[in-house]
Amino acid sequence: MERKVHVALEGRAYDVVIGPGLLQEVGARIAPFLKRPRVAVLTDETVADLHLDTLRAGLAASGIEMQALALPPGEATKSWPQFSRAVEWLLEAKVERNDVVIAFGGGVIGDLAGFAASVLRRGVRFIQIPTSLLAQVDSSVGGKTGINAPQGKNLIGAFHQPSLVLADTEVLGTLTARDFLAGYGEVVKYGMLGDADFFAWLEDNGAALAAGDMAVRVEAVARSVQMKADIVVRDETEQGDRALLNLGHTFCHALEAATGYSDRLFHGEGVAIGCALAFELSARLGLCSQEDPSRVRAHLKAMGMKTDLSDIGGTLPDAEALLALMGQDKKVVDGQLRFILARGIGEAFVTADVPKEAVLAVLQDGLADCQIA
Ligand code: GLY
């Protein structure tokens, strides 16, 4: 059942291994990367409680010693205070230039640990062991690392590719249904942005995926990672095509800022709502058929996902204020917002040519059933 995706970046190539039971074999899998049998692990308290003993045993089976630091779970950890705590701990743990840091957790830990590895002693290698669906299909692959700033998400960071990614699909079994579905927002994004057949496959197999069918999980993660790997190899530092991976993210980042990066809206939930809004905007601009946004919304709803702005609950800022929040997006070039729009399901493209009035109209209509602050 195991699958392997090769990320063929010249001089920085690595494999993403996907399948159940990888944690138990982790020592044998990472031994070829080690110069001495010890690793430093950055994780969070939730993942540590659930899986750290399994990781330790998997390493010990190959005679590898482990030291671990468990940070608090949640987005607030992607901050300077937790980052400096992690870097200083790694130095205290005497991690040397030739050692390997392990990122063991979801997107927050992967991003923070990767950034810590990128600056520690001017750069040490790191291995991603992603434990959330979102991290397995998106954030652990492609080398984007970093932390948040008060001015916005992921504004401080570095490109630093991992040496290996081990995506153990069995670990997904301990995610809450909400966390799993939030990660699914990134899975379905791949179908919407570049592979209509994958979107149709997800329409047929989404229920089995959510129910825990392991073969379907492996296939969904592998297809997502393959698409991400292909894009990252074409455009590692996001000069062009990599921006396609941000389908739905311009809307999402504004919604996350509006909800204070809190539990009111998980990132993947914002991506799903953002994708629905991006298709709505595309249809209104005459780029895709009216049926496409309906089909996107129907699938998200069938999966039980947040789909509309009104699904967020509580009060939201008005459309003008949401548009202003989009201005902090990293995709702003020369003050011009760039959107990922679509000519159909599986046919996304990047454009700066979007009339502000059209964006406002989509937001205003979406906010019609919401409480406005
Ligand atoms: N998550 C978007 C990217 O890696 O480019």
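What residue, of Ala182, Ala215, is in contact (Cβ under 8 Å) with a residue 24 or more places away in the chain, in a helix (DSSP H, G or I), away from the ligand (no atom under 12 Å from the Cβ) and touching a His at 6+ places or on another chain (Cβ under 9 Å)? Don't jump to the end; show me each part of the working.
On the way: Ala215 fails: touching a His at 6+ places or on another chain (Cβ under 9 Å).
When all the criteria are applied, what remains is Ala182.
The single residue among Ile64, Ile102 that is away from the ligand (no atom under 16 Å from the Cβ) and either in contact (Cβ under 8 Å) with a residue 60 or more places away in the chain or within 22 Å of the chain's Cα centre (by Cα) (or both) turns out to be Ile102.
Ala177: surrounded by fewer than 17 Cβ atoms within 10 Å (Cβ to Cβ), within 14 Å of the ligand (Cβ to nearest atom) and over 13 Å from the mean Cα position of the chain (by Cα), yes or no?
Numbers: surrounded by fewer than 17 Cβ atoms within 10 Å (Cβ to Cβ): yes; within 14 Å of the ligand (Cβ to nearest atom): no; over 13 Å from the mean Cα position of the chain (by Cα): yes.
Spelling it out, it is not the case that Ala177 is surrounded by fewer than 17 Cβ atoms within 10 Å (Cβ to Cβ), within 14 Å of the ligand (Cβ to nearest atom) and over 13 Å from the mean Cα position of the chain (by Cα).
Looking at Val5, is it touching a Lys or Arg at 6+ places or on another chain (Cβ under 9 Å) and part of a strand (DSSP E or B)?
Numbers: touching a Lys or Arg at 6+ places or on another chain (Cβ under 9 Å): yes; part of a strand (DSSP E or B): yes.
Against the criterion (touching a Lys or Arg at 6+ places or on another chain (Cβ under 9 Å) and part of a strand (DSSP E or B)), Val5 qualifies.
Select from the stretch 170-203 the residues that are hydroxyl-bearing (Ser, Thr, Tyr) and in contact with a Leu (Cβ under 8 Å, 6 or more places away or on another chain) and list them in ascending order. Spell out the reasoning first.
Applying the first criterion (hydroxyl-bearing (Ser, Thr, Tyr)) to the stretch 170-203 yields 174, 176, 184, 190.
Listed by number, the residues that qualify are Thr174, Tyr184.
Yes or no: Ala200 open to solvent by 30 Å² or more (accessible area, probe 1.4 Å), more than 16 Å from the ligand (Cβ to nearest atom) and either within 19 Å of Ala302 (Cβ to Cβ) or of a type in the set (Val, Ile, Thr) (or both)? Considered against the rule, which asks whether it is open to solvent by 30 Å² or more (accessible area, probe 1.4 Å), more than 16 Å from the ligand (Cβ to nearest atom) and either within 19 Å of Ala302 (Cβ to Cβ) or of a type in the set (Val, Ile, Thr) (or both), Ala200 comes out as yes.
Looking at Gly58, Gly74, which is the one that is farther than 12 Å from Phe104 by Cα, surrounded by 15 or more Cβ atoms within 10 Å (Cβ to Cβ) and in contact with a Gly (Cβ under 7 Å, 6 or more places away or on another chain)?
On the way: Gly74 fails: in contact with a Gly (Cβ under 7 Å, 6 or more places away or on another chain).
Only one candidate passes the filter, namely Gly58.
Taking the criterion of being more than 27 Å from Leu325 (Cβ to Cβ) and among the polar types (S, T, N, Q), the residues of the stretch 141-177 that qualify are Gln161, Ser163, Thr169, Thr174, Thr176.
With respect to the conditions (1) crowded, with 22+ Cβ neighbours inside 10 Å; (2) within 25 Å of Leu134 (Cα to Cα), Tyr261 lacks only one, and its number is (1).
Condition test on His253, is it under 19 Å from Pro130 (Cβ atoms), in contact (Cβ under 8 Å) with a residue 24 or more places away in the chain and open to solvent by 30 Å² or more (accessible area, probe 1.4 Å)?
It is false that His253 is under 19 Å from Pro130 (Cβ atoms), in contact (Cβ under 8 Å) with a residue 24 or more places away in the chain and open to solvent by 30 Å² or more (accessible area, probe 1.4 Å).
Find the strands (runs of 3 or more DSSP E) located wholly in the stretch 93-168 whose residues include 1 or more that are open to solvent by 30 Å² or more (accessible area, probe 1.4 Å) and modelled with pLDDT under 95, and list them.
Working: elements: 100-105, 125-130, 144-149, 152-159, 164-168.
Strands (runs of 3 or more DSSP E) meeting the threshold: 152-159.
Here Glu92 passes the criteria (1) over 30 Å from Ala324 (Cα atoms); (2) touching a residue at least 24 places away in the same chain (Cβ under 8 Å) except the one numbered (2).
Yes/no matrix, rows are residues, columns are (1) within 30 Å of Asp230 (Cα to Cα); (2) part of a helix (DSSP H, G or I):
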position	(1), (2)
Asp15	yes, no
Ile18	yes, no
Gly27	yes, yes
Arg36	no, no
Leu42	yes, no
Ala48	no, yes
Leu52	no, yes
Leu59	no, yes
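Taken residue by residue, the stretch 284-294 has at least one member that is away from the ligand (no atom under 16 Å from the Cβ), within 17 Å of Asp365 (Cβ to Cβ) and open to solvent by less than 10 Å² (accessible area, probe 1.4 Å). Answer yes or no as to whether Ala48 is small (Gly, Ala, Ser) and open to solvent by 40 Å² or more (accessible area, probe 1.4 Å). So Ala48 fails the test. Pairs are defined by a Cβ separation below 9 Å, a sequence spacing of at least 6 or placement on different chains, a first member in the stretch 222-237 that is within 10 Å of Val187 (Cα to Cα), and a second member that is open to solvent by 10 Å² or more (accessible area, probe 1.4 Å) and within 11 Å of the ligand (Cβ to nearest atom); the pairs so defined are Ser224/Asp138; Val225/Asp138. For the stretch 241-274, taking the residues that are small (Gly, Ala, Ser) and within 12 Å of the ligand (Cβ to nearest atom), the one that is nearest to Ala76 (Cα to Cα) is identified as Gly268. Of the numbered conditions (1) within 15 Å of the ligand (Cβ to nearest atom); (2) open to solvent by 50 Å² or more (accessible area, probe 1.4 Å); (3) touching a strand residue (DSSP E or B) at 6+ places or on another chain (Cβ under 8 Å); (4) not in a helix (DSSP H, G or I), Gln226 fails exactly one; give the number of that condition. The number of the failed condition is (4).
The values are calculated or read from the model by the stated rules, or taken from the named source; none is laboratory data. Computed from a predicted model, the values in this text were never measured in an experiment. Heads up, the Cβs are rebuilt from the backbone with ideal geometry, glycines too, and the neighbour counts pull from every protein chain shown. Please note that ligands, DNA and RNA were not included when accessible areas were found on the heavy atoms of the full protein model with its side chains. Shrake-Rupley method; radii C 1.70, N 1.55, O 1.52, S 1.80 Å.
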